[in-house]
Amino acid sequence: MKNNMILKQITKVEILFLIGLVFIMSLTGCDNSTAQQKNKTLTKNGKNKQDKSSELLAPDFSLADLEGNTVTLDQMRGKVVLLNFWGTWCGPCRKEIPDFINLMKKHKKDGLEIVGVTLTSGPPENIKAFADKWGINYKLLTDIKGNETQTVTALYGQATGKRITGIPTTFIIDREGVIQKRYVGPRSEAIFYNDLKKFL
Amino acid sequence: MRFIFVLSTFFNVILSQSDPVSFSSNIGSVARAGEVVNIEILASMEDQWHIYSVHKITEGPFPTEISISGDVIGSFGPIIEPEPKYVFDPGFDSETYYHEGDTEFSALFRLKRDLEPGKYPINIEVYYMVCNERLCYPPKVKTDIVYVEVEEGASRLERTSFASLNNQSDNNNSHTDNSLLGILILAFGGAIISWIMPCVYPMIPIIISFFGKMSEEKNVSRFTIASFYGLGIAGTFVAIGLGVSILSWGVTDIAAKSRYANIGNFIATDPFLNLGLGILFIFFALWMFGIINVNIAGKLVNKTDQAGQSSKSAYLGAFLLGVAFSITSFSCTVPVVGTLLVVAATGTAGGMLTSLYGMIVYGLVFAAPFVALSFFPKALDKIPNSGSWMETLKISFGFIEIAAAVKFLWVPDLEWSIGLLPRNVVLIIFIIIGTALIGYLAGLFSIGSSSNVKPFRLGRGRIVGILFTLFFLYPLTMSVIHPPTYHYDGMPRLMDEFIEALVPPPPTEDEIARKEGWFVDQYDEALEEAYRTKKPLFIDFTGVYCANCRVMERRVFPQNEVKEQLDKMVLARLYVDKKDSLSEVYSKMQFERYNQATQPYYVILDPFDESTLADTGGYIPKGFSQFLEKGANKFSKRDYNEK
């Protein structure tokens, strides 16, 4: 419900600014720096608990873990969640895996939860085999029976106003369930930790 | 702040809608029904973005998949891609093969053979994932439609094979060992096998009789006449080889070449020739029984004597006997000779010479024991009581000549669909002949001049003859009792093969085969099925007249380990010797692709590009399952089966 509200809000605002956008964007030459700026904005807003309307609440979702149990994001409320959209077929995503493993080893005790939403990577057995091979020590989620991971991907794209087209895409969700940061493309352990530490 | 956020958000929405890769497709020129058509699919990628190879697949990224569909597609050809680039991808910890920039793919397909002229839609579907250094877009599908224009006319030869349009696929799978040494070994070994083929038996009494008469003549050199006889046998093969070489000289039309190479099959199954041979053998039989007494050999010799010349005609007679011997044995020698004819049909000087040498070796080795036999009458003379002995032998051979006549006569009967000599009738005739022969040998009745010889005594020779006949009566009777059933293996294999060489093929086998899932004379359909189900395609090039084919079907295919392998494949049985256009297509296919004109010939094919995974030929009692396994394993290793 919350998500839908945010969605509608964004859509309305977007329609309002539709005409002015193209012009301004051509000036700003939007790229990563803009994204960083946006993220900084988000971070500040996240800390400011009075301004609820500008907070970007992470949409809840239900996905299956590799044993077939249903897992929801709400179950992880109270933990800092690193939500990683990835696939076994995606080279840049794989680069991040060892760093995630290390982060998990070091900061699980501090309340860190890493969740990999595994896209179009085959049946859970295949993903499990992959996870075992790589020694993945964090939660991997996949489709329950249809293509729920796609739905979740679309949901997070809509929620943040920016479609997730490429992976890896990773979000930091704080203990209150607020999206604090979005990364497109792979990052190193150090960068993740640097951003995570203020929420841990 | 909020404003900037929304701005950047919207910008990114727009950005994400532009895909870094776009596709466009284009179809080749106007085509005709049955021809292979090429669809060009151009992938244009933005700088630094890449899609992955179709065929070179490594663990990790999804390969690009291109599929086409349409009602007019008869069978699918290969998807051709340019040589992919490769790089060590640390994310995958392995090499990955990819395409970047503008990349042109080709999708080949064959049009159905029964199409009206017009424009037909072909749907194209490309499934791909695109990545750069930092990001991957999840796999997605793009579709397109192109229209193929079909014009009036028969398919053009140079456009009917995937290989002819697929210049990128290396065509180095020439399987026949056409080296001179290989050919000579084949010719030598083949000749020795031909000695024991049933087709040569009927001629043996004629040889003995002819040379028996000759041995009485003093002015005929035994050695010279035997040489002429040998020359007649060997010369026939050499002449046929040369004939095919000359016919194929400078001919580029593969269909014509394949026809020449299949001349062996033609000779073995030509109704007129077989009718002639059948009548000849009836004449031989009557001669053996002493009912007619046209002593060719004697006449020839007498004539020459009168002329006072050296026995030229006797030599000519010996020579012609050799020719007749070669031709009558042709239905058994075709498997070996066929290979030599394929070489001859290359239409080059090298091919001509190689086939010539091969034919000489084959002819000489094949002739050797029968030339030796021509000395036999002399040795026979020294056996005591040879007159009565010879007489009995002659009468016995007379029975065999009748059987031989029936063997040749059912060919025109079958070809012209007369229906007088169906399989069971032929079998029963053989049984009657065999029973009569036993009766004769046991002294129950006598024939012709045998009455004026010595009183009947059941000697060693007669007992051997009876046992020998019983030995063949057994499988004949079994074949009648157990009507021709596919996969019938209750008979020793040698007998089975023997019978199949002598009697009309059981007509119902294809029906049973179809029920077992075989595609009979339906290559394109089988190929399509294999392509769809991602199974290797097993092709059984076979012939209506092919004895070894029947034996393989009955004795080898049902073996558990063979069946197990066959179950994993799509099965096609293609006849090459039916007198119809499809057989022409298939014999051409066998010749063109595999350089083979003998059956059975087995090929395991990759349905994705029609390339050969394994092939073998002939009767393979042992190791056939290994052959199948080899093909299946090769198939499973092919890249495109990952998915």
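Where a number appears in this text, it was derived from the coordinates with a stated rule and is not lab data. This structure is a prediction, so every number in the text was calculated from the model and none was measured. FYI the Cβ positions are ideal-geometry reconstructions off the backbone, even for glycines, and counts take in every protein chain you see.
Determine ³J(HN,Hα), in whole Hz, for all residues of the stretch A:183-195 in sequence, where each value follows from phi through the Karplus function 6.51 cos²θ - 1.76 cosθ + 1.60 and θ = phi - 60°; x replaces Gly and Pro.
10, 10, x, x, 10, 8, 3, 4, 5, 4, 5, 4, 7
Only counting other Cβ atoms within 10 Å, I'd like B:F430, B:F272 sorted with the fewest neighbours first.
B:F272, B:F430
Once you place label points 7 Å from the Cα toward the Cβ at A:I144 and B:D93, how far apart are they in nm?
Computed distance between label sites A:I144 and B:D93 equals 3.4 nm.
In Å³ and rounded to a whole number, note down the convex hull volume per residue for the Cα atoms of the stretch A:67-200. Please list the in-between numbers first.
Numbers: hull volume 13.5 nm³, N = 134.
Cα-based convex hull of the stretch A:67-200, divided per residue, equals 101 Å³.
From Cα pairs below 8 angstrom and at least 6 apart in sequence, can you work out the relative contact order of the stretch B:536-643, rounded to a whole percent?
Taking the mean separation of contacting Cα pairs over the length of the stretch B:536-643, I get 34 percent.
Using the Karplus curve 6.51 cos²θ - 1.76 cosθ + 1.60 with θ = phi - 60°, what ³J(HN,Hα) values do you get for each residue of the stretch A:92-99, in whole Hz, with x for Gly and Pro?
Once rounded to whole Hz, the list reads x, 5, 5, 4, 7, 4, x, 5.
Take peptide B:89-96, look around each residue's Cβ out to 10 angstrom, count Cβ atoms belonging to other protein chains, and average those counts.
Mean shielding by partner chains, rounded to a whole number: 4.
Averaged over A:79-91, how many beta carbons belonging to a partner chain fall within 10 Å of each residue's beta carbon?
Numbers: counts 0, 0, 0, 0, 0, 0, 1, 1, 7, 5, 12, 11, 16.
Mean shielding by partner chains, rounded to a whole number: 4.
Could you compute the FRET efficiency for B:Q522 and A:S62, with r as their C-beta to C-beta distance and R0 at 41 Å, rounded to 0.05?
0.25
Sorting A:T153, B:T533 on the 10 Å Cβ count, fewest up front, what's the list?
With the fewest neighbours first, A:T153, B:T533 line up as B:T533, A:T153.
Put a dot 7 Å past each Cα toward the Cβ at B:K637 and B:A368; how far apart are the dots in nm?
Here the modelled spin labels are 4.0 nm apart.
Looking at this model, which pairs from B:K515/B:K563; A:K95/A:K181; A:K79/A:K139 are more than 18 angstrom apart at the alpha-carbon?
Going by Cα-Cα distance, A:K95/A:K181 fall outside the 18 Å limit.
Output wanted: per-residue J couplings in Hz (rounded whole) for the stretch A:159-170, from phi through Karplus 6.51 cos²θ - 1.76 cosθ + 1.60, θ = phi - 60°, x for Gly and Pro.
Running phi through 6.51 cos²θ - 1.76 cosθ + 1.60 with θ = phi - 60° gives 4, 9, x, 9, 4, 8, 9, x, 10, x, 10, 10 Hz.
On full extension of the chain, what length is gained from B:E584 through B:Y127, given 0.36 nm per residue of separation minus the C-alpha to C-alpha distance?
Length gained, B:E584 through B:Y127: 160.7 nm.
Report the calculated FRET efficiency for B:Q559 and B:E46 (r = Cβ-Cβ distance, R0 = 56 Å), to the nearest 0.05.
The pair B:Q559/B:E46 has a calculated efficiency of 0.45.
How high is the FRET efficiency from A:T151 to B:E149, r the C-beta distance, R0 41 Å, rounded to 0.05?
Details: r = 43 Å, r/R0 = 1.06.
Approximately 0.40, to the nearest 0.05.
Average partner chain C-beta neighbours within 10 Å, per residue of A:118-125? Display every interim value, and only then the final one.
Working: counts 0, 3, 5, 2, 1, 0, 0, 0.
Counting Cβ atoms of other protein chains within 10 Å of each residue's Cβ and averaging gives 1.
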